[in-house]
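What follows is a single structure, written as structure tokens, with notes after it.
Every read-out reported here was derived from the displayed coordinates using simple, explicitly stated rules and does not represent laboratory data. Predicted model, so just to flag it, every value in this text is computed and none were measured. Cβ atoms come from the backbone with ideal geometry, glycine included; neighbour counts cover every protein chain shown.
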Amino acid sequence: MKPELIFCFVLALNFVLPAVAQAQFRYTTNSGSITITKYIGSGGVIIIPNTINGLSVTSIGPDAFMLCTNLSSVTIPNSVTSIGHNTFMYCDSLTNVTIPNSVTNIGDAAFLRCHGLSSITIPDSVTSIGKTAFAVCPRLTGITVDKLNSSYSSVAGVLFNKDQTALIQYHSGGKAGSYTIPDGVTTVGTNAFTGCSSLTNVVIPNSVINIGDGAFALCTNLTSVTMPNSVTNIGDFAFMGCPNVTIPKSATHVGNQTPPEGL
């Protein structure tokens, strides 16, 4: 092929490839920036573009990738600041996601039930993580938080707020056996341990006051829970499906623990 034809081919390819990539997404424009509203591609390894039509992609909207069961890997560009609620929920084959240091907000249930996800790294830019963002990820062996993050921290792969008074997410794929919640924790968050079937024993320290909704739900092998009299609030379904749990008399509010019909 003549050099001038090769040049024309490469030049054309540079225009075609972005167009093909952009065709995988539905999006909206707001104040000169792009929000991805729906992924309509075939899955596999996805690199979200940092610009579409010359405008920066700054947000991945609610439900945008939900139920994309063939999605295996996602790279989010450093133009994105927000990941919406339910964005990657039920992406069963998702094993790898790169969250850049531009993201400040991760919405509720953003990665809920991503059954293939094995690890996650939270950059120092993130200031808000919604409820159950990483819940029921059975292969998740650890969550790592950048040490410079001012809002969150991690200890042995477990996600806490910065001052470690709230346990936000335990790693579902942890080794079988016992876990002792650190002293100083006052709140066990919503769905923090949900579905951790490898967990057999939990020790809750005297500092804990509140146990959130669904905190230990469906921990089917949890046979022993040491719960102190400091606990005053236990949320709905906090111990649903857990055998041998004794509620302390100190609890002034105990939510409904009866499984929903059909569960």
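Working from label points 7 Å from Cα in the Cα-to-Cβ sense, the S150 to H253 distance is 3.1 nm.
For every helix of n ≥ 4 consecutive DSSP H residues, a contribution of -39,500 (n - 2.57) applies; sum these over the chain, divide by its total residues, and give [θ] at 222 nm rounded to the nearest 500 deg cm²/dmol. Mind showing how you got there, number by number?
On the way: 1 runs with 20 residues, N = 263.
Calculated from helices alone, the mean residue ellipticity at 222 nm is -2500 deg cm²/dmol.
Its alpha carbons give the chain an Rg and a Dmax of 21.5, 85 Å. Between the range 32-62 and the range 134-180, how far is it from one alpha carbon centroid to the other, in angstrom? Using only Cα atoms to place each centre, the spacing works out to 28 Å.
Quick one: of the DSSP bridges fully inside the chain, what percent are antiparallel, nearest 5? Beta bridges within the chain, antiparallel portion: roughly 30 percent. Entry note, the range 175-263: relative contact order of 25 percent, from Cα contacts under 8 Å with a spacing of 6+ residues.
Within the range 130-190, which trypsin sites (Lys or Arg not before Pro) sit in a loop by DSSP and count at most 10 neighbouring Cβ atoms inside 10 Å? Write out the running numbers ahead of the final one.
Working: sites: K131, R139, K147, K162, K175; in loops: K131, R139, K147, K162, K175.
In loop regions of the range 130-190 (DSSP not H, G, I, E or B), the sparsely surrounded trypsin sites (Lys or Arg not before Pro) are K147, K175.
Extending 7 Å from Cα along the Cβ direction at R139 and again at N53 yields two label points whose distance is 3.7 nm. Computing FRET efficiency as 1/(1 + (r/R0)^6) for T29 and S224, where r is the C-beta to C-beta distance and R0 is 51 Å, gives about 0.40. Sequence-distant contacts, meaning Cα pairs under 8 Å at least 6 residues apart, place the relative contact order of the chain at 9 percent.
Helix 3-22 and the longest principal axis of the Cα set of the chain meet at an angle near 30°.
Close amide H pairs (under 5 Å, H built 1.01 Å from N) link G142 with I120, residues at least 5 positions away or on another chain. Model label sites at D92 and S72, defined 7 Å from Cα along the beta-carbon direction, differ in position by 1.6 nm.
Report the gain in length on full extension from N206 to S128: 0.36 nm times residue separation, minus Cα-Cα distance, nm rounded to one decimal.
On the way: separation 78, 0.36 × 78 = 28.08 nm, distance 2.73 nm.
Result: 25.3 nm gained on full extension.
Can you check what the net charge comes to around T127, using other residues whose Cβ is under 14 Å from the Cβ of T127 (Lys, Arg +1; Asp, Glu -1)? Let's see the in-between values first.
On the way: positive: K162; negative: D124, D146.
Taking every Cβ under 14 Å from that of T127, the sum is -1.
Antiparallel beta bridges, as assigned by DSSP with both residues in the range 24-141, represent about 30 percent of the total such bridges.
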